[in-house]
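Enquirer: Here it is, the structure, as structure tokens.
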């Protein structure tokens, strides 16, 4: 016997369309390298990882994890380790862990270079029906290139890049090419987040706003 799919409630719809402001800050950078966006709280932590990769212009070559005071949130195919219990990042949504006012996570990408980011989730609210999410808001300074040796290697590379008298200046210029540490190339970020939003919009079409129930006739 075939069963009709369960109709989504108004509460389901509002939960699907709930958003938050998310700010990511690359630790130990001075001046601070940061990005900010609006994103749906229905987003999984795995999807948040993929979105942060786009915000930073990285290529998702390496292992990663999120963590808070209680859990580590890791990819499903990664063997568990560490002193905290872990959860599958693909099964945990932002709304599952968000606190009413502000939630702070630590995001680590590439356990060799050890890029550490402070992720602040705040201002949970209903999204604008005319806006696509995730939505890029802004940021400052270009992210470091991958595989440059973490924070110490990044600043050593910048020093060589910007100093014509540095013995490694030519090598740094060749490695970084037209890299500008002061400027964010925002167009690829907007395109990438637009593609993620399009996938979400396709899912949203499968969850139309429920019609209000008509009042019973008297």
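Enquirer: I'm told residue 157 meets every condition in (1) surrounded by 15 or more Cβ atoms within 10 Å (Cβ to Cβ); (2) touching a helix residue (DSSP H, G or I) at 6+ places or on another chain (Cβ under 6 Å); (3) in the same structural domain as residue 62 (by TED's automatic domain parsing) except one. Can you identify the failing condition by its number?
Expert: Unmet condition: (3).
Enquirer: While we're looking at this one, here's another question. Among the numbered criteria (1) surrounded by fewer than 18 Cβ atoms within 10 Å (Cβ to Cβ); (2) assigned by TED's automatic domain parsing to the domain that holds residue 54, which single criterion is violated by residue 166?
Expert: Here residue 166 clears every test but (2).
Enquirer: Which residue is surrounded by the most Cβ atoms within 10 Å (Cβ to Cβ), if the candidates are limited to region 59-100 and must be in a loop (DSSP other than H, G, I, E, B) and touching a helix residue (DSSP H, G or I) at 6+ places or on another chain (Cβ under 6 Å)?
Expert: 89
Enquirer: Continuing with this model, one more query. Taking region 1-41 as the region of interest, how many residues are part of a loop (DSSP other than H, G, I, E, B), modelled with pLDDT under 95 and out of contact with any strand residue (DSSP E or B) (no Cβ under 8 Å at 6 or more places or on another chain)?
Expert: Matching residues across region 1-41 total 9.
Enquirer: Looking at this structure, is residue 109 surrounded by 15 or more Cβ atoms within 10 Å (Cβ to Cβ), on the phi < 0 side of the Ramachandran plot and touching a residue at least 40 places away in the same chain (Cβ under 8 Å)?
Expert: yes
Enquirer: On to the next question. Of all residues in region 124-145, how many are in contact with a strand residue (DSSP E or B) (Cβ under 9 Å, 6 or more places away or on another chain) and surrounded by 14 or more Cβ atoms within 10 Å (Cβ to Cβ)?
Expert: Matching residues across region 124-145 total 12.
Enquirer: Here's another thing I want to ask about it. Which residue, of 132, 113, is under 19 Å from residue 59 (Cβ atoms), in the same structural domain as residue 48 (by TED's automatic domain parsing) and part of a loop (DSSP other than H, G, I, E, B)?
Expert: When all the criteria are applied, what remains is 113.
Enquirer: Is there a residue being over 15 Å from residue 98 (Cα atoms), surrounded by fewer than 20 Cβ atoms within 10 Å (Cβ to Cβ) and over 10 Å from the mean Cα position of the chain (by Cα) anywhere in region 37-57?
Expert: Within region 37-57, one or more residues are over 15 Å from residue 98 (Cα atoms), surrounded by fewer than 20 Cβ atoms within 10 Å (Cβ to Cβ) and over 10 Å from the mean Cα position of the chain (by Cα).
The values are calculated or read from the model by the stated rules, or taken from the named source; none is laboratory data. Keep in mind it's a predicted model, so treat the numbers as computed, not measured. Virtual Cβ from ideal backbone geometry, glycine too; neighbours counted across all protein chains shown.
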